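What follows is a short report on a single structure.
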Amino acid sequence: MIISVGIIAIFLGIALFLGIMASRGKDMSLEQWSVGGRGFGSIFIFLLMAGEIYTTNAFLGVSGWMYGKGGVAFFNIAMLNYVIAYWLTPKIWAYGKKYSLLSQSDFFEKAYNSKILGTLVAIVGLAALIPYLVIQLKGLGIIVSEASYGAIDPKLTIWIGTIAMIAYVMVSGIHGSAWTAVIKDFLILGVVLFLGIYLPIHYYGGIQPMWEAIEAVKPGFLTLPDSGFSASWYISTIMLTSLGFYMWPHTFVATFSAKSGNALRKNAIMLPIYALFLLFILFVGAAAILQVPGLEGGAVDLALFKISTQTFNPVIVGFIGAAGLLTAIVPGSLILMSAATLLAKNVVKPIRPQTTDQQIAIIARYSVPVIALVALYFTFSGGGAITLLFLMGYGLVTQFVPAVVSNFMKKNPLTVQGVFAGIVVGVTIVGWQAATGANLSKLFPSWPSYIQDINIGFLALSVNILVSLMVSAFTRKATFKNDETIESI
C-alpha cells in the first residue's frame, strides 16, 4: 500500500511542479492565462485535445460500461467527431483570432451580436462543466482509494487533488494544463497498452478466447439488445457525442489557443489513432467481467482497479493509480480554467460593464477556487455512474451545434432569437430528463422501440433545430448580416 501511494504522490508532485513552473517567463494576461497567447503548436494542441479523450470517464467509465453493459460500450470508439473537427475547428480558430475571442460565450456574443445570448451560453456551459468536473473528482477519489487498497479515504484524496489543481490553474492557467498533459499522456498510453494486452492473455489466453468465454457464460452480452441500449440508442449516442465533442467550453478554449488552423487540421488527423487505444480499456473492462463478478450500479466504475489490485503487485498498481490520477487533474484543470473564464468574462462583465480587462483577469483567477468548491459540494453529495453524468453534460453542450455550424454558412439561416429559443428548449428537455429520469419508453409506451430508445440528448438537439428554424423564420428581419465576416475568414 505504501509503495503504491508513494508512486502516486510522486507523480502528483511532478504534475504540480510542472503546472506551476509553466508560467515562468510569461506575462500572464487574461489572453495568456486562458488561451496561451494563441501560440500553441501541433504538439501542445494534440496534448490538450487528447486530454478530452483520456479523462477519468475513459479510465473508469469506459471500462465500467464494458463490465456492466457489454457491447454497447463500444460507442466510445466513435471517429466521426474527428472528421467534423477537420473542417470545423480551423474556422472556429480563425473567427476567434480575428475578433480576439477568449471563451465560447465570446464566440456566440460576437457571431449573433447579443450579450444576452453570450450570457445564456455561459450559464449553460457552466451547468455542463460542473458535472464534468464532478466526474474527474469522483474518479480521483476512486482511483487513489483503490490504489491504496482502501487505506486512504476518497474524500481526503479529492481535497488534495483539488487543491493541487487550484494552485497551478491560478498560477499558470492553460499553460499548466498543457505541461502536465505531457507527462499524463506518456504514462496513460503505457498503462493502457500494458493492461489491455496483459489481462486478456493472463486470464483467458488471448483477446479472442476472452470474448468466447464471456459469450459462453453471458450469451448476447457483447451484442446490442433489442430494446433499451439498442441500435437506435447506439447510433443516436454516437451522433450526439460526435457533434458535441468540440462544443465543450474548454475544448473551444483549446481551439482558440492554437497557433494556426493547420495545427488543428494535423491534430484532427492524428487524434483518431490515439483514440483507438480506448479499445485496450474496453479489453480491461471485458477481462473483469468473469474475474471480479458482482459489481453493480455505480460500483461498475471500480472494475479496472478491482482486477488490477487482484492481479498485480503494489508497484504496478501505483503506476496505474498515477495514470488515473493524471486523467483526473489534467482535464479537471482545463475545465476549472474555462469555467472561471466564462464566469468572469461572460457573466460578471455583462452585469458590471465598467469592469476593466485587468479586473476581469483577477476575477477569473479567484473564481477558480469558488468553482472548485461548488464541484466539491456536488461530488460529495451526488451519486450516479460516471458515464451517465458524462452523457448528461454532452446533452447540454450539443445544443450549441446548430448556432455554431450555421454561423459558418454563407447565409446564416438562424437569427439570435431563433438560437436563443432553440438552446432554451433543448437544454430544458435535457434538464427535465436528468431531473426526472423520464424517457420516451415511459412517456409513449406504445411507440416502437427504435424511437423510444433514441438518446434524449439527440432528441433535444432535433427539437432545438426545429424550434431555431421556426423562430428564425418569424424574426428574419432582426438577423444581422455577417456574410462579409464569414467570407473574409
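Using the Karplus curve 6.51 cos²θ - 1.76 cosθ + 1.60 with θ = phi - 60°, what ³J(HN,Hα) values do you get for each residue of the range 160-175, in whole Hz, with x for Gly and Pro?
Here the 3J(HN,Hα) series is 5, x, 5, 4, 4, 4, 4, 4, 7, 5, 5, 7, 10, x, 5, 5 Hz.
Show me 416-426, 223-233 ranked by packing, highest mean number of other Cβ atoms within 10 Å first.
416-426, 223-233
What's the carbon and sulfur percent of the range 200-333's accessible surface, probe 1.4 angstrom, rounded to a whole number?
Percent of accessible area from carbon and sulfur atoms in the range 200-333: 65.
Viscosity 1.002 mPa s, temperature 20 °C: give me the Stokes-Einstein translational D for the range 184-242 in µm²/s, with Rh taken as the Kirkwood radius over C-alpha pairs.
Estimated diffusion coefficient is 153 µm²/s.
As an exercise, find the ratio Rg/Rh for the range 99-236 from alpha-carbon atoms, using the Kirkwood inverse-distance average for Rh.
Taking Rh as the inverse mean 1/r over Cα pairs, Rg/Rh reads 1.10.
Working only with C-alpha atoms, what are the Rg and Dmax values of the range 386-451, expressed in angstrom?
14.8, 43
Taking the Cα atoms of the range 218-318, what is the range of coordinates along each of the three principal axes, in descending order and whole Å?
Projected onto the principal axes, the Cα atoms of the range 218-318 cover 49, 43, 23 Å.
Kindly state, to the nearest 0.05, the FRET efficiency for Ile77 paired with Ile123, given R0 = 22 Å and r defined as their beta-carbon distance.
With R0 = 22 Å, the Cβ-Cβ based efficiency is 0.10.
Give the Debye-formula value of log10 I(q)/I(0) at each listed q (0.10, 0.14 Å⁻¹), with one equal scatterer per alpha carbon of the range 1-142, two decimals each.
Relative scattering, expressed as log10 I(q)/I(0), comes to -0.52, -1.01.
Once you treat every alpha carbon in the range 63-129 as an equal point and sum by Debye, what is log10 I(q)/I(0) at q = 0.18, 0.19, 0.27 Å⁻¹?
Rounded to two decimals, the profile gives -0.81, -0.84, -1.08.
Charges on Cβ only, +1 for Lys and Arg, -1 for Asp and Glu, centred on the Cα centroid of the chain; of Pro272, Gly298, Val416, which one is farthest towards the dipole's positive end?
Val416
Could you tell me which of the pairs Lys69/Lys91; Lys97/Lys155; Lys155/Lys345; Lys155/Lys306; Lys110/Lys184 are separated by over 30 angstrom between their Cα atoms in the structure shown?
Beyond 30 Å: Lys69/Lys91; Lys97/Lys155; Lys155/Lys345; Lys110/Lys184.
Convert each backbone phi in the range 58-63 into a coupling constant with the Karplus relation 6.51 cos²θ - 1.76 cosθ + 1.60 (shift: θ = phi - 60°), then list the ³J(HN,Hα) values in order as whole Hz, x for Gly and Pro.
5, 5, 9, x, 5, 5
Leaving out ligands and nucleic acids, note down the accessible area per residue over the chain with a 1.4 angstrom probe, in whole Å².
Accessible area per residue, the chain: 39 Å².
Under a Cβ-only charge scheme (Lys and Arg +1, Asp and Glu -1), can you give me the dipole magnitude of the chain about the Cα centre, in debye to the nearest 20?
Charge dipole, the chain, about its Cα centre: 1280 debye, nearest 20.
Read phi for every residue in the range 216-229 and hand back ³J(HN,Hα) as whole Hz from Karplus 6.51 cos²θ - 1.76 cosθ + 1.60, θ = phi - 60°, with x for Gly and Pro.
5, 8, 10, x, x, 5, 8, 10, 6, x, 6, 9, x, 7
Give the separation of the Cα centroids, the range 413-432 to the range 316-354, in Å.
26
Enter the Cα centre distance for the pair the range 102-164 and the range 256-310, rounded to the nearest angstrom.
Spelled out, the Cα-based centre of one part sits 19 Å from the other.
Out of every Cα pair in the chain, what percent are spaced more than 36 Å from each other?
Cα-Cα pairs of the chain separated by over 36 Å account for 27 percent.
On each of the three principal axes of the Cα atoms of the range 298-438, give max minus min coordinate, whole Å, ordered largest first.
59, 41, 33
The values are calculated or read from the model by the stated rules, or taken from the named source; none is laboratory data. Because the structure is predicted, anything quoted here is derived from the model rather than measured. All Cβ positions, even for glycine, are placed from backbone atoms using ideal geometry, and neighbour counts span all protein chains on display. What goes into the accessible areas is simple: the full protein's heavy atoms, side chains included, and nothing from ligands, DNA or RNA. Shrake-Rupley method; radii C 1.70, N 1.55, O 1.52, S 1.80 Å.
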